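The values are calculated or read from the model by the stated rules, or taken from the named source; none is laboratory data. The structure presented is a predicted model; accordingly, all values stated were derived computationally and were not measured. Quick reminder, even Gly has a Cβ in these numbers, built from the backbone with ideal geometry, and neighbours come from all protein chains shown.
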Amino acid sequence: MKDFGDIRLKNMIEHRPAIKKRAVVTSGLPYGNKSLHCGHITLFIHSDFFARFMRDRIGFENVIYQSGTDCYGSPAMEGYRKAVEKEGYKGTIVDYVTKYHNIQKDILDSYHISTNIYGASAFGEEKPFHDEFSAEIFKKLIESGSMEYKSTLQFFDKKMNCFLNGRQVVGKCPIDGCLSEHAYADECDLGHQYMPKELINPVSVLSGETPEFKEVGNWYFNVENYIDELKEWLDYLDKNTSTRKYMIKEVREFLKKPEIYIKQEYLEKFKEIEFLLPTFEYADETKNSFTVIFNKLSDREFACEMLTDAGIRYRTGKTLTPFRITGNLEWGVKCPDTDKSKDLTFYVWPESLWAQISLTKAYLNRTGKANTWKDWWCSKDCNVYQFIGEDNIYFYGPVQMALWLATQGKNPTMDIKDGDLMVDNIVANKHTLFLNNKASSSADIKPPMANELLNYYTEEQLRMHYLTMNVSNNSANFMPKAFNPNADPNEIDPVVREYNLLTNVFNRVLRNLCYTWQRDFDGVMPYGTPDTEFLIEGNLTMLKVEKFMMEQKFHMVCYELDTYIRNMNKYFAKNSSMFEKDKNLEKQVIVNTLHMVRVAITLLHPVAPTSIEKLVKFMGIDEKIFSWKEEEKLIYDFIENPKNHKPTFLNPKEDFFVKHPSQYEETNE
């Protein structure tokens, strides 16, 4: 971009973010036992927005945007069991997850979510790639020396005479300060990890009784082995990336030594047995509690058993726990046979992490380039952006990074070379709340389903509303008037407020432009050179949007667009009253406004793709205008005969951006 001697513009140009040649954009994988609710669609809209921007910024062929159905594991098994027992479902479990995969895909299509591939881990063209890659990863993890086969305790329902999978046990999360209302065998619904025996008040969902423990053998990955590299990784993220600060802070908490929190009322009892405990130190003693810190997790586990036997109540702190790689669920990716892994399957969480790589391989296979997957995941010329919810930070953060490091072998390094799995950009969103409650299918107040929202709002109204939510830093409240029994009938619906910028303000500018050249220029779009100040402001706006996009501050992108489009409307309205007296002014105002439209078209393309593409077609403009490779060009450079160009005739009251049909009976302006 030219700086035109403007200091602001020169500074922005000098500090443009470095953008690599290629990008992979992923969105979290929904479980294969459910449709999509308003919280799910938030994440997909954010990832789709970024993927569309990257395609415009570095080229469509240089971006892979992907997601899919997480088919395996206890959520799907438990959902299938309930469907068979309570609803009389007759199909197989493959039929069951296929049904939900198709539902999810149809919903995403209705929102115009533009994935290159929306696959599935358990069937279709993706399955063989996922099976093969899972076996490859397992071999590398064994070779890394960080895998341990050990017997651990698993919940067993004596009445039902069966082992219980992760979702068939519910209780209270043992992690200090956790507010989860749904804790399962070894993780709660807020993503905290713990050993099964730490779960408070466990209950079997099959019998309603307290389960007992039985030993089972599984492979575990020692995340703790990589603590030094993980600390280096966090320092790198903090200094060199736009990774959200709250995520870095949360991951650092997991890198602390194992801690136990005990109320002061148990201090005397603790003093009686402390000589029996492994080496520890006191910390953070207050009037209400004291903290006991151990050097390693096994020491804390031993101490927990001693405290329980002594009748001392306690809570545990966040730390790195051995990450289970295998399980004994029949419904899962089969683990390669060894003398210790025969008949085992992969635990769903680790295989869902590398499933994203399997999806890339499956997509590239369609193009005849399956063997080039390392150009995307293992290249310094490519960035991987993984959009997740905050509940999954532990898995996509320290666990995934440690797994990636382990694939390097026994001497991993953060000085990662081409050919090894690179550091991903984890874009962690805070919660989407529905009527002040976490949007979750397990919540007491059920959130509206994504397909239901489309009965009241257009997908673009929802897109723009979700993008303005500042979920990069705070949980955001989703308050759709159509689903809020306490909504004030006299107030505007919060969901449509932001899109009114387009249905009201931008529509008005576009209509006025068209009506003016139809009335005064015989339908020909006036041709000319925009004034320098408009070129400068256009460039500044594009650079600010680019900066905020690369920082994934999407609410700030929407703020810049709002300011720019409202200024465009004010400029045209302010000068239009003088058009009859000054035809030269009229022409130049149109030329300047058209340049602002040109900038807005490029920037709005990822926001409202369907309507913007319709606008471009209506005006007879080449779609190359969306590409940032053409950022220096004027709107006339995208028109075949710009000096005598007649766009399509605009009829009265015709709109480029529309509301949902149900809203035209209301007054939202």
> Within the stretch 187-204, is there a residue that is under 25 Å from residue 406 (Cβ atoms) and small (Gly, Ala, Ser)?
Replying inline: yes
> Would the stretch 405-412 turn up any residue that is in contact (Cβ under 8 Å) with a residue 40 or more places away in the chain, in the same structural domain as residue 430 (by TED's automatic domain parsing) and in a helix (DSSP H, G or I)?
Replying inline: yes
> Exactly one of (1) over 22 Å from the mean Cα position of the chain (by Cα); (2) modelled with pLDDT under 95 is unmet by residue 98. Its number?
Replying inline: (2)
> Within the stretch 580-605, how many residues turn out to be outside any helix (DSSP H, G or I) and either crowded, with 17+ Cβ neighbours inside 10 Å or in contact with a strand residue (DSSP E or B) (Cβ under 7 Å, 6 or more places away or on another chain) (or both)?
Replying inline: 1
> What pairs can you find where one residue is in the stretch 272-288 and in contact (Cβ under 8 Å) with a residue 24 or more places away in the chain, the other is among the acidic types (Asp, Glu) and surrounded by 10 or more Cβ atoms within 10 Å (Cβ to Cβ), and their Cβ atoms are less than 6 Å apart, with a gap of 6+ or different chains?
Replying inline: 278/299
> With 73, 124, 91 as the choices, which residue is buried (at least 23 other Cβ atoms within 10 Å of the Cβ) and under 25 Å from residue 30 (Cβ atoms)?
Replying inline: 73
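Yes or no, residue by residue, for (1) among the β-branched types (Val, Ile, Thr); (2) surrounded by fewer than 18 Cβ atoms within 10 Å (Cβ to Cβ); (3) assigned to a loop (DSSP other than H, G, I, E, B):
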| site | (1), (2), (3) |
| --- | --- |
| 306 | no, yes, no |
| 313 | no, yes, yes |
| 332 | no, no, yes |
| 343 | no, yes, yes |
>> Give me the residue from the stretch 637-654 that is at pLDDT 95 or above and in contact with a Lys or Arg (Cβ under 8 Å, 6 or more places away or on another chain) and, out of that set, surrounded by the fewest Cβ atoms within 10 Å (Cβ to Cβ).
In response: 650
> Any residue at all in the stretch 235-255 that is among the β-branched types (Val, Ile, Thr), part of a strand (DSSP E or B) and either at pLDDT 90 or above or more than 30 Å from residue 550 (Cβ to Cβ) (or both)?
Replying inline: no
> Which condition number in (1) farther than 27 Å from residue 335 by Cα; (2) in contact with a helix residue (DSSP H, G or I) (Cβ under 6 Å, 6 or more places away or on another chain); (3) not hydrophobic (A, V, I, L, M, F, W, C) is the one that residue 144 fails?
Replying inline: (1)
>> Residue under question is residue 457, and the condition is that it be closer than 27 Å to residue 30 by Cβ and part of a loop (DSSP other than H, G, I, E, B); does it hold?
In response: yes
> For residue 418, are the conditions met, namely being part of a loop (DSSP other than H, G, I, E, B), surrounded by fewer than 23 Cβ atoms within 10 Å (Cβ to Cβ) and at pLDDT 95 or above?
Replying inline: yes
> Does residue 298 count as surrounded by 14 or more Cβ atoms within 10 Å (Cβ to Cβ) and either more than 30 Å from residue 70 (Cβ to Cβ) or touching a residue at least 12 places away in the same chain (Cβ under 8 Å) (or both)?
Replying inline: no
> Out of curiosity, is residue 512 over 20 Å from residue 650 (Cβ atoms) and either in a strand (DSSP E or B) or touching a residue at least 40 places away in the same chain (Cβ under 8 Å) (or both)?
Replying inline: no
